[in-house]
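Right, one structure below, let's go through it.
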Amino acid sequence: YERRFPTCPLIPMFVDSDTVNEFKSEDGAIHVIERRCKLDIDAPRLLKKIAGVDYVYFVQKNSLNSRERTLHIEAHNETFSNRVIINEHCCYTVHPENEDWTCFEQSASLDIKSFFGFESTVEKIAMKQYTSNIKKGKEIIEYYLRQLEEEGITFVPRWTPPAVGPASETTSSSKNQAASTAAVVPEAALKEGLGGEALGNPGGAPEPAVGTPDDKLDADYIKRYLGDLTPLQESCLIRLRQWLQETHKGKIPKDEHILRFLRARDFNIDKAREIMCQSLTWRKQHQVDYILDTWTPPQVLQDYYAGGWHHHDKDGRPLYVLRLGQMDTKGLVRALGEEALLRYVLSINEEGLRRCEENTKVFGRPISSWTCLVDLEGLNMRHLWRPGVKALLRIIEVVEANYPETLGRLLILRAPRVFPVLWTLVSPFIDDNTRRKFLIYAGNDYQGPGGLLDYIDKEIIPDFLSGECMCEVPEGGLVPKSLYRTAEELENEDLKLWTETIYQSASVFKGAPHEILIQIVDASSVITWDFDVCKGDIVFNIYHSKRSPQPPKKDSLGAHSITSPGGNNVQLIDKVWQLGRDYSMVESPLICKEGESVQVTSTSMVLPRGHPLRSVSLRYPSPVAVCGGQGVLGYLVRRLGSPDGSQGSHVTRWPGFYILQWKFHSMPACAASSLPRVDDVLASLQVSSHKCKVMYYTEVIGSEDFRGSMTSLESSHSGFSQLSAATTTSSQSHSSSMISR
């Protein structure tokens, strides 16, 4: 850092600097230097003439404490200090839990009191200069790092108290240490994925020159596996990954996949976090991570689905070929159902992600998407069969939501006259960014200039497109009607496909809640649950009764049992039962909005060393996100298993029968004298019917087997798909006490 002075060639506006004051302690541990810096601000000549200055002066104070291993940098403006107040503070420290990490914090403030009527102009100039300096920071530090390496300086020992020490040697060491400490900052910004300022410390052994996925120490890893990212994009990636590591209990997506969600939302962290949370919940419910290992496509798909992987394009992207015109979409839907087709497409996308990783290693550059070649030769009106188009639209919707930015290019060849009709139906469901990647060729136009040869090597153009390469993609053809299945068979098969998990689905209607019965023999057993509200708003209740309710009636038209394609509906509490007499409520009602999940908090627990803590009311979205897993709440999280916003528990006090109930939530009626609230109107528009859908899982665990020691657990809720806003609020409130890692 000290090498930037008296001037830095990489900062054109930094013209010169003079040392005003300097202090060195006798043992060389503390070095404080104050400079007057001369800056040539990039401002309009007219403004400089009005202000009567050509240069702006700042006073900068650097305080290096080698004993505590900190570097504090403070700066303020000297010019126009009575009109404009600029303060900046930077701090380099050693992480308190890992001394191999350097923490960096920076803050700046601008207060414009008056400036000859050009206040807004000055504000824009100041922000522009500040942003430019931040973007240059990494480049400057790398420049001086290379300079140090050329001089043979690759390691700086830590400061130690001198026995009989001349201050000059320790001062020199401290000086180099300051330079090296600051210089390593961007080189390790991705180390361990802990935050935008998770930094490597030069006090250890020399770092390897080339990064690998398991050794994320320098920019080579980013360039090799992620591509060219701006500092802001790097910061967004690190912050989102850190948030996932702190709040998500399941499998953490790889950097490449997190980047896809960020790119899909133009690196807006809140928006990317929301769609990623929804996708992670969806993947967990349907076990998509294991689809390639656990699911085998039916033989009908293997024989009649005219699509498959075929080498790669000129950019190294995996190439998927789909002969849609030769495919009997109606026959496939009638023989397999919509869900089997969807699952097959999901397996294709999962295979695409795997091939992207392989090609990244083969070509030595990041490959994060694939190219799809769609041949429409043979497309006609039978492909516009309504159920087939409906299935296609649903597949597009699911893929768009869970595999963003995976399509690098879509080549549509030999588009017939009927294609505009299909395109009119499908295009509204395709994201604008995705549509820009479409290239459509009619007839044999793909053989001319700007055609297929611009994107695919001649040697691998499929034979059915007049190429030289034999393509092993099935030719499709009509599915025999003998393989068709009845609507009832397909409905049962569709339900089976998506319920081959520990989850069950249930429908909740207005006036018809869904209830499940759990019998408890031993008091202090733990009832655990995990449910997601897929549609509508519900109220979740837990009741206890000493006597068993009557089993539900079997007739589907009865009031106690309703069957639906999307899940069952069972009612156990008899209408003649009275609350407080026949059964009692053991938990406060919990309102869950669509897309939200349930998570755990506690009202009474036993802490280490036997100290009780009572009446804790915690309504945060994620305990780990709020407190970083530290302190009392961090202890609870570690004991319970680090909830990811989708779990809840109740420690039973009495034996008997416990009823878990999901009830339709109606919007509260507004007062007659007041107009409806905007929120109520919007919410009522979002709920299209009096039906809700819930995916749930329950389990009873003996108290001796339950991780954690407590007497009561009270459920709290958090929107797993809407954690971004609440987490942002929580993190802001704690920003003053938590360092960036």
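No lab work stands behind these numbers, since they all come straight from the coordinates. Just so you know, these numbers come straight off a predicted model, no measurement behind them. Backbone-built Cβ (ideal geometry, glycine too); neighbour counts: all protein chains shown.
Annotations for the structure displayed:
- For V586, the residues whose amide H sits under 5 Å from its own are I542, Y543, H544, ignoring neighbours fewer than 5 places away on the same chain, with H placed 1.01 Å from N.
- Once both labels are positioned 7 Å from their Cα atoms along Cα-to-Cβ, the gap between E377 and S114 label points is 8.0 nm.
- Spin-label pair D228/K136, simplified geometry with 7 Å Cα→Cβ offset, distance in nm: 2.0 nm
- Nearby lysines by direct alpha-carbon distance to K691 (threshold 26 angstrom, same-chain neighbours under 8 apart not counted): K284, K390, K496, K510, K535, K553, K554, K575, K593, K663
- Sorted on the mean count of surrounding Cβ atoms within 10 Å across their residues, most packed first, peptides 154-163, 273-282, 309-318 read 273-282, 309-318, 154-163.
- Shape summary of region 251-331, radius of gyration then Dmax from alpha carbon positions: 16.8, 44 Å.
- Here the 3J(HN,Hα) profile of region 88-101, calculated from phi with Karplus coefficients 6.51, -1.76 and 1.60 at θ = phi - 60°, is 9, 9, 10, 9, 10, 9, 8, 4, x, 9, 9, 6, 8, 10 Hz, Gly and Pro shown as x.
- FRET efficiency, M470 to D18 (Cβ-Cβ, R0 56 Å, nearest 0.05): 0.15
- Computed E for V59/R653 - FRET, C-beta separation, R0 51 angstrom, nearest 0.05: 0.15
- Considering only Cα atoms, the convex hull volume of region 285-373 works out to 102 Å³ per residue.
- Long-range amide H partners of W101 with built H, under 5 Å: H95
- Extension gain (nm, one decimal) between H72 and W309, 0.36 nm per residue minus Cα-Cα: 79.7 nm
- Equivalent ellipsoid of region 112-153: semi-axes from √(5λ) of the C-alpha gyration tensor, largest first, are 37, 8, 5 Å.
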